[in-house]
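Please read the structure below before turning to the comments.
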Amino acid sequence: MKLLTHNLLQCIVPACRKHHYPLKVTASLLNVEENPFDAIFASRMLERLEYNILLEAYNSLRQDGQPELPPAVPEDGASNEVFLQSLFFAINCLDVVEGAMTCSSCGRIYPIHNSIPNMIVRAIEGEQPPQSIEKEQEDEEEEESEN
Ligand SMILES: [Zn+2]
């Protein structure tokens, strides 16, 4: 899961969605994809993403030698090549292969497996999860959801 995706995801609990609480991401396996830098893509995404959420997530995963993001978007961010390269790395190269996201409000945990976040686990009481999707993963979660 790329941090660009993480930036767009929200807890499925309606009360959490309303306030757009960030999901805290943790990783047990990270990968770096060598995607060619695309300045236009990076500057376009900059307009759409929540920078503070990206910054917190990226800083919690970032390893030595990987680009640093400044604490705030530079004034010339949309045209600052150095900044855009770091941003591009953060949103489109760093990949959480195995890990989890935890809602900072309700504590609900969303697992990430094979780079894919599972947002349908532990459906809200009284609400049926979509049956056709991620059936296998649901089965894996079975023992936890028995409580
Ligand atoms: Zn929540």
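Read the figures in this text as sums done on the coordinates, not as results from a lab. In this text the structure is predicted, and so the values were computed from the model without any measurement. All Cβ positions, glycine included, derive from the backbone under ideal geometry; neighbour counts span all protein chains shown.
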Requested in this report: Between the alpha-carbon centers of the stretch 91-106 and the stretch 1-76, tell me the distance in whole angstrom.
Outcome: 9
Report summary line: Of 83-90, 26-33, 64-71, 114-121, ordering from highest average Cβ density within 10 Å down gives 83-90, 114-121, 26-33, 64-71
**Report entry** About the Cα centre, charge dipole magnitude for the stretch 3-121 (Lys/Arg +1, Asp/Glu -1 at Cβ), debye
**Finding:** 720
**Report entry** Span per principal axis, largest first, for the Cα atoms of the stretch 3-121 (Å)
**Finding:** 39, 29, 21
